[in-house]
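Worksheet for the structure shown next.
The values are calculated or read from the model by the stated rules, or taken from the named source; none is laboratory data. Note that the structure is a prediction, hence the values are computed from the model and not measured. Here the Cβ is made from the backbone with ideal geometry for all residues, glycine too, and neighbour counts use every protein chain on show.
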Amino acid sequence: MARQIRLTFVDDGVSALVELLDEAAPRTCRAIWEALPLAGEAQHAIYSGSEIVLLIPSEIALPPENATARVAVGDVGYWFQKGGERFGFPDDLSEIAWFYDRDAVPSMPDGPVQMTIFGRILGDATAFYQVCRRIRREGVKRVQVERAE
């Protein structure tokens, strides 16, 4: 059975299980797994459409692995940007992101970016995606990412 992690909107009590895609992104899956648990405030990705991002420690700095800007509903990705590479972003930036509708294109102010897809949300995640949609209006939400063992 594939390894799984759980994304939880803490204050809403809503979770989604994510299957890790170890064959497609082994280095990324290993690094994220070893860094768990992670927690922070998830926010809407304003340039990307239906994407939620959770900033993670910038020490988790991985090269792209089977990266793409073409994502599907339920994809879970990782992205790293070295500080100073883009105008307005002087510091290193690492994030986990997930996509909750079909209009998402991982992007920064100057256009699409390539993201490593390392996981896939499992099952009926309707309630989880509803919380994602509300973030646009309600603002950041506390999220916890942990191993689902």
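Here is a check on your reading of the model: is T68 modelled with pLDDT of 95 or more, among the hydroxyl-bearing types (S, T, Y) and under 22 Å from A148 (Cβ atoms)? So T68 fails the test. Within segment 45-65, the residues that satisfy the criterion of being under 11 Å from the mean Cα position of the chain (by Cα) and buried (at least 18 other Cβ atoms within 10 Å of the Cβ) are A45, E51, I52, V53, L54, I56. Among all residues of segment 136-143, there is none that is under 14 Å from the mean Cα position of the chain (by Cα) and in a helix (DSSP H, G or I).
Select from segment 85-94 the residues that are surrounded by 14 or more Cβ atoms within 10 Å (Cβ to Cβ) and in a loop (DSSP other than H, G, I, E, B) and write down the one among them that is modelled with the highest pLDDT. Selected residue: D92. The single condition among (1) farther than 22 Å from E19 by Cβ; (2) surrounded by 14 or more Cβ atoms within 10 Å (Cβ to Cβ) that K82 does not meet is (2). Among the residues making up segment 95-135, those that are of a type in the set (S, T, N, Q) and assigned to a strand (DSSP E or B) are S107, T116. Take the conditions (1) surrounded by 15 or more Cβ atoms within 10 Å (Cβ to Cβ); (2) in contact (Cβ under 8 Å) with a residue 40 or more places away in the chain; (3) within 14 Å of the chain's Cα centre (by Cα); E41 misses just one of them, which is (1).
Only one entry in R142, R133, R137 is among the basic types (K, R), over 23 Å from L20 (Cα atoms) and in contact with a Phe, Trp or Tyr (Cβ under 9 Å, 6 or more places away or on another chain), namely R133.
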